[in-house]
Amino acid sequence: MKLEIDALRLMSELETLAGFSEAPAPAVTRVVYSETDRQARAYVTGLCHEAGLAVRTDAVGNLFARWRGSDATAAAVGTGSHIDAIPNAGRYDGVVGVLGGLEAIRAMQRAGLCPRRSVELLIFAAEEPTRFGIGCFGSRLLAGVLDGSAGERLHDPAGRTLDDWRAEAGFQGAVDSVRLPAGYYSAFVELHIEQGPLLERAGILLGIVTAIAAPASSIITIQGEGGHAGAALMPGRRDALCAAAEIVLAVEAAAKTTGAVDTVGTVGICEVFPCAINSIPSRVKLSMDVRDIDEGRRDGVLDRIERAAAEMAARRNVTIQAEMLNADAPAACDPAVVAALERAAAAHGLPCRRMVSRAYHDSLFMARVAPTSMLFIPCRGGVSHRPDEYAAPEAIAGGTLVLAEALTQLAR
Ligand SMILES: [Zn+2]
């Protein structure tokens, strides 16, 4: 029998899941371990049970729903994404990969397939950094990028730890036990909206991801000397905002020097102290986010910025302190999984192109422990993390169909 997607059912499930939200529709707010997150998990768990999948959760709430293959000893093929949503977000980010992944499995079941490998839907505990300030803590733990100390170390702004929260949500066991054993998945594919405009602009239904960029982000504090804007004369001033302005431009210049389209550098936050019209800024806090798909090239940009900042600090007699928030390694996707996705798209006559993921996803960490790729579908205007986020039903159904086809091939 042919693989066929029940698009009506999938769209109605997307609609239902969007209803579990702290924000009024069309906005979706669903923070990990909140009441709405728990309700949404219960809903998806029910759907997985209906499909005859064996469901388990780990110590932090990563949820696994397995359709058993004929060879219980073979490594499983994984697919999935996240259902948490930042405040005032939309209904497609992450969710398409979860409900689409489930529908892909159901389509395989309806087609009468009996795959050799188990096919497993994985719902990551949380992709968004909303509660603990760090994105992807579920997949970081699965990949061993975070260790068991995260349970006590990660905390929300009020000081409640990951351990406190997961206990309240009913997830027990050692945080260390979350790490996946080597070879757990033979392949992993995440279906996701692009969150950028390229597919829509090109009029192409599917993007097959060959690399996932990763940010190095830090907070830079510049300390100068304040004073009266009228009384302190220009010679000898140690204006922290003038110094910060040089850093902002140094980030831009350094990101442009590589000549690669995949290098980007951004300063998104600038806090000025004391922030008064008649006062020389004494202290400035900047954020810096530098991304690339090539770690060496990205780190080269960071070095260039650091040298420029040190030269500037000496010249302007200010001090600079940088606190690195994260510097994850970018990931290359697995050529065999990329090829499987391309074959799957071709098998159904759906246009696709290779692309880079500039946003980061749980797949960035899954790529460390499993051959991984991502399948992107267009979203209107490239808009995401907003209530007006939108992906067309045909795109969702098309992506789900190609996912089902690829999982079929990979599970043989
Ligand atoms: Zn996402």
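The values are calculated or read from the model by the stated rules, or taken from the named source; none is laboratory data. Everything numeric here is computed off the predicted structure, so don't read it as measured data. Reconstructed Cβ throughout: ideal geometry from the backbone, glycine too, with neighbour counts over all protein chains shown. Just so you know, the surface numbers come from the protein's heavy atoms only, side chains and all, with ligands and any DNA or RNA stripped out. Shrake-Rupley method; radii C 1.70, N 1.55, O 1.52, S 1.80 Å.
The table below gives the values:
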read-out	value
Most fluctuating residue given options Leu249, Leu286, Leu233, as computed from a GNM of the chain linking Cα atoms under 10 Å	Leu233
Difference of contour (0.36 nm per residue) and Cα-Cα distance, Phe273 to Glu323	16.2 nm
For Phe376, solvent-accessible area (1.4 Å; no DNA, RNA or ligand), Å²	0
Residues of the chain: accessible area per residue with a 1.4 Å probe, Å²	41
Ser149, Ser118, Ser279, ranked by accessible area, largest first (probe 1.4 Å)	Ser149, Ser279, Ser118
Percent antiparallel among DSSP beta bridges (both partners in the chain, rounded to 5)	65
Percent of Cα pairs exceeding the 26 Å cut-off, where the set is the chain	57
Proximal charge balance of Pro387 [Cβ under 15 Å; K/R count +1, D/E count -1]	-1
Rounded tilt (10° steps) of 95-110 against the dominant C-alpha axis of the chain	20
Ranking by accessible area, most exposed first, for Glu152, Glu120, Glu405 with a 1.4 Å probe	Glu152, Glu405, Glu120
Nearest 10 degrees, 0 to 90: helix 240-257 Cα axis against the chain principal axis	50
Share, in percent, of DSSP beta bridges within region 64-148 that are antiparallel, nearest 5	40
Whether region 1-115 is rounded, prolate or oblate, judged on the alpha carbon gyration tensor where a/c under 1.5 counts as rounded	oblate
Span from the region 272-323 Cα centroid across to the region 129-150 one, whole angstrom	27
Directionally averaged projected area (convex hull, Cα atoms, region 276-401), nm²	12.2
Within the accessible area of the chain (1.4 Å probe), percent carbon and sulfur	55
Approximate spin-label separation Asp303-Thr257, in nm, with each point projected 7 Å along Cα-to-Cβ	1.0
Cα principal axis extents for region 228-340, largest first, Å	69, 23, 21
Two-site label geometry, Met234 and Thr161: point separation in nm, points 7 Å out along Cα→Cβ	5.5
Neighbourhood net charge (15 Å Cβ-Cβ; Lys/Arg +1, Asp/Glu -1) for Ala254	-4
Relative contact order [Cα under 8 Å, 6+ residues apart], region 102-210, whole percent	16
Neighbourhood net charge (11 Å Cβ-Cβ; Lys/Arg +1, Asp/Glu -1) for Phe188	-3
Segment Ala336-Met1, extension gain: residue separation times 0.36 nm, minus the distance between their alpha carbons	118.0 nm
Kirkwood hydrodynamic radius of region 130-227, Cα pairs, Å	17.4
